[in-house]
Amino acid sequence: MRERIQSIHNPERKVFAIFIVLALLLCAAYGYFLHRAISNVMARENTLKEVASLDIRLNELEFSYIALQNSVSLEDAYERGFVDIEAPVFVSRTPLPKNLSLLEGGADEL
């Protein structure tokens, strides 16, 4: 009888081992995705802080621009060489005559 040993197949052990391996893989995946979610939240928080500081800097630059723009006067412009124009030229929306030429003598000089 010792010579004939029957091997007993126990499928429950294989199924249990598969479930254990699957549970370990799911725990590892949960840990990985939890770590990624926390990392993304931290990165978003840092980005929002950086945006806030850049917004403050932009506001400071806008205020200095407005202050500089308001400090320019007509006297400063004259000191820097700007002059008033003599006769302003305006563009008309009315249609021009067809025989109009931009040359001084007219269209005959072509």
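Computed from the coordinates by the stated procedures, all read-outs in this text should not be read as laboratory data. These figures come from a predicted structure and were not determined experimentally. Cβ sites come from the backbone with ideal geometry, for glycine too, and all protein chains shown count toward neighbours.
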At R0 = 35 Å, FRET efficiency that the Cβ-Cβ distance of residue 87 and residue 49 yields, to 0.05: 0.05
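Rounded, prolate or oblate: which fits region 11-91 when a ≥ b ≥ c are the square roots of the eigenvalues of the alpha-carbon gyration tensor, with rounded for a/c under 1.5 and prolate only if a/b beats b/c?
prolate
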